[in-house]
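Before any comments, here is the structure.
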Amino acid sequence: EPFVADEYIERLVWRTPGGGSRGGPEAFDPKRLLEEFVNHIQELQIMDERIQRKVEKLEQQCQKEAKEFAKKVQELQKSNQVAFQHFQELDEHISYVATKVCHLGDQLEGVNTPRQRAVEAQKLMKYFNEFLDGELKSDVFTNSEKIKEAADIIQKLHLIAQELPFDRFSEVKSKIASKYHDLECQLIQEFTSAQRRGEISRMREVAAVLLHFKVNIHFVGYYFMLIGILKSCRNYMFTGAYLRNDIFEDAGILCQRVNKQVGDIFSNPETVLAKLIQNVFEIKLQSFVKEQLEECRKSDAEQYLKNLYDLYTRTTNLSSKLMEFNLGTDKQTFLSKLIKSIFISYLENYIEVETGYLKSRSAMILQRYYDSKNHQKRSIGTGGIQDLKERIRQRTNLPLGPSIDTHGETFLSQEVVVNLLQETKQAFERCHRLSDPSDLPRNAFRIFTILVEFLCIEHIDYALETGLAGIPSSDSRNANLYFLDVVQQANTIFHLFDKQFNDHLMPLIRLVKLSDFH
């Protein structure tokens, strides 16, 4: 709490008898108050002198300790410099010794490496002599537990044998090659056995040995033929991989379950997994797609297009799932090429099949409707709707021949329109999925022109022309204006046509110039 002189004096006066206002003016004693002030001042002076002496003593002590600490710091700096010098000398000495050791190691290696090579060459010559004599006596070839060492030796002998002239060493080369292939088969068999036992470490060990054999590529394919065995193989280590009767779901589940084993077994898991996926696409999926499409390609265009759309969609969905795996740097291009290799023969002429089917289907829908009305389509001329007013004027003012009696039939059908629009909608969906991006706008426009031909011209325009021809002449007593019903229905139908134009065609050709269609 800070010292306030006024408050201190007030308290002092209050404690001093006769110094305050207590007792009235008669009790006030200034002499006694003066004495009290003098006594307190002396006490404060004595206290100040005592504190001042203590401060001086502490200052002297601090100065003394500061000098001592400064002296110690100087001594520590000197010892640190000495230690640093010793460290530099030691570091230089260590570097010198390390240089000598490296030089000595290089000399020892230079002497030991040729010696080791000579020893290995001597051993290889010994094994080569056994093949030359036709009798394998070494334990490495007769002991099945040393198949790894035998594989390493036979692989080296196989490389040496390839450099020897055939005329002089044909027999020994044949024996080495035979043993080489025997060991390959044994290693693959050992890998298969380890696979069935679930011994991942043994599989990894055998795979590392086979990596140096020429059979490695075929071995990878063979391995994945094993993991692609059908679920009927109950002893298969990945039992339950095929959980559904769907080859696309099975392929995705298979790759997902095998992915971890591939990483545990092979040193290059991305290459091996890519080989698995390639085998699945080129062997399993390609044969399945061909089987599903070829049987209906020429006989049933509708089923063929539905199957093609379904199979291509499911294949691309499978490809999207496989993108999560590590397949190398450009997995998108890799998977796209696999899909293209399966479907290229079907996609090349897809739009021809699509438009041919759509035309025949649309014509059948219209013909079935007119047959249900017992109506034979007539040729109504080429005037068109554009001269509607002129023809009505002629009907009302000029005597014409007999008009066509349609018995009040508008020849417009909501069912026909819905069927045509539905067929075209499905065609647009298939076109969007199956067309190459560069051909998509043009193919979509071709589908649209078919819709215009059969819906707008063959159905709506024909109904309007027939309705115009059915307007009675001016001298007719019964004024049947059912033509207005035709116009109303045509307007409703055209709204549906406009909706499909905006919903399905425009998204496919929105960014394309009109000149690109010519």
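The values are calculated or read from the model by the stated rules, or taken from the named source; none is laboratory data. These figures come from a predicted structure and were not determined experimentally. We place every Cβ from the backbone using ideal geometry, glycine too, and count neighbours over all the protein chains shown. To get the accessible areas, we keep the full protein, side chains included, count just its heavy atoms, and leave off ligands, DNA and RNA. Shrake-Rupley method; radii C 1.70, N 1.55, O 1.52, S 1.80 Å.
For this structure, a couple of remarks:
- Test: residue in the range 288-302 that is more than 17 Å from Tyr350 (Cα to Cα) and in a helix (DSSP H, G or I): yes
- Out of Tyr242, Tyr223, sole residue that is crowded, with 19+ Cβ neighbours inside 10 Å, hydroxyl-bearing (Ser, Thr, Tyr) and either modelled with pLDDT of 70 or more or part of a helix (DSSP H, G or I) (or both): Tyr223
Residue-by-condition table, conditions (1) without any contact (Cβ under 8 Å) to a residue 24 or more places away in the chain; (2) farther than 21 Å from Ile277 by Cβ; (3) surrounded by fewer than 20 Cβ atoms within 10 Å (Cβ to Cβ); (4) of a type in the set (D, E, K, R):
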| residue | (1), (2), (3), (4) |
| --- | --- |
| Glu352 | yes, yes, yes, yes |
| Thr355 | no, yes, yes, no |
| Ser360 | no, yes, yes, no |
| Lys373 | no, yes, yes, yes |
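- Note on the range 408-517: enclosed helices (runs of 4 or more DSSP H) holding 3 or more residues that are charged (D, E, K, R) and at pLDDT 85 or above are 414-434.
- Only one of the listed residues (Lys156, Lys179) is touching a residue at least 40 places away in the same chain (Cβ under 8 Å), at negative phi and either part of a helix (DSSP H, G or I) or touching a Pro at 6+ places or on another chain (Cβ under 8 Å) (or both). That residue is Lys179.
- Any hit, the range 275-282, residues being open to solvent by 50 Å² or more (accessible area, probe 1.4 Å), not in a helix (DSSP H, G or I) and not assigned by the TED database to the domain that holds Gln195: no
- Lone qualifier among Val289, Val353, Val262 - being in contact with a Pro (Cβ under 9 Å, 6 or more places away or on another chain) and among the hydrophobic types (A, V, I, L, M, F, W, C): Val262
- Sole residue being under 30 Å from Val172 (Cα atoms), at pLDDT below 90 and in a helix (DSSP H, G or I), chosen from Lys137, Lys100, Lys126: Lys126
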